[in-house]
1. I need the full set of residues from the stretch 37-55 which are β-branched (Val, Ile, Thr) and free of Cβ contacts under 8 Å to residues at least 40 places away in the same chain, in order please.
2. Hey, can you tell me all the residues within the stretch 78-100 that are surrounded by 15 or more Cβ atoms within 10 Å (Cβ to Cβ) and aliphatic (A, V, I, L, M)?
3. Working only within the stretch 9-55, note down all residues that are modelled with pLDDT of 80 or more and part of a loop (DSSP other than H, G, I, E, B).
4. Identify, please: which residue in the stretch 56-82 is in a helix (DSSP H, G or I) and more than 14 Å from the chain's Cα centre (by Cα) and is, among those, modelled with the lowest pLDDT?
5. Anything in the stretch 83-100 that is in a loop (DSSP other than H, G, I, E, B) and out of contact with any Phe, Trp or Tyr (no Cβ under 9 Å at 6 or more places or on another chain)? List them, or say none.
Amino acid sequence: MRISTGDWVATYLNIKSNLCHLSAGNGELLQKAANAEFEVLVTMDSNMVHQQNIDRYAIAVIALRAPSNRLGDTRPLMPALLAVLPQVKPGTVTFLPETA
């Protein structure tokens, strides 16, 4: 899997325009993303992994642990995110950083 900035922007816009609805639950979002053949869902919602049975979805989930979703808080996690992306497997959850 090769990731570039353009890929991130295109993927984000695709998810926002085609998948996400404010009323959609996490399970619906995971299913829609998997059906759209996304390989990975990156989220700030660490609770999602405890509320959903992730292994039943054909998508990997990466949960970012940061004080907020602001760029200044998430930017330090990007090198680790880019490093782990090629290694994640469908139906698994990865936390970044690994320990809170």
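The values are calculated or read from the model by the stated rules, or taken from the named source; none is laboratory data. Treat the numbers as computed from the prediction; the structure is a model and nothing was measured. Here Cβ is always computed from backbone atoms with ideal geometry, including for glycine, and neighbour counts include all displayed protein chains.
1. Here is the first cut: in the stretch 37-55, the ones β-branched (Val, Ile, Thr) are 40, 42-43, 49, 54.
Within the stretch 37-55, Val42, Thr43, Ile54 meet the criteria.
2. Ala80, Leu81, Val84, Leu85, Val88, Val93, Leu96
3. Across the stretch 9-55, the qualifying residues are Ala36, Glu37, Phe38, Glu39, Met44, Asp45, Asn47, Gln52, Asn53.
4. Restricting to residues being in a helix (DSSP H, G or I) and more than 14 Å from the chain's Cα centre (by Cα), the top hit is Leu71.
5. Val88, Lys89, Thr92, Pro97, Glu98, Thr99, Ala100
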